[in-house]
1. Test of understanding: what is the full-extension gain from Arg32 to Phe11, defined as 0.36 nm times their sequence separation minus their Cα-Cα distance?
2. Using only the alpha carbons of the range 3-51, determine the length spanned along each of the three principal axes and report them from longest to shortest in whole angstroms.
Amino acid sequence: MHGLLTPGAEFKPLEVDPERDRFTGVYRLDGRPVAVLAWNSPKEALRLRREVLTDPQSADAPTPTAPAEPAAGMPVPQ
């Protein structure tokens, strides 16, 4: 995780790959990105940190490649 996970922030998955047991996503508070999370995706974590946290204007640039709901069995923080 990169950033500051703030109470009330909502998680939005960006990429989910249950076959490889990995996912990425962004936490937002009041529409602003406050943290990024990547599970088993270190390169994507660094990319998201750079794109989303250092340039909030590009926070919507990554396009989700999977449904908004995480796959069954995927760990997603509450």
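1. On the way: separation 21, 0.36 × 21 = 7.56 nm, distance 1.15 nm.
Answer, rounded to one decimal: 6.4 nm.
2. 32, 20, 13
Taken together, the values in this text are just the output of simple stated rules run on the coordinates, not laboratory data. Please read all numbers here as calculations on a predicted model, not as lab measurements.
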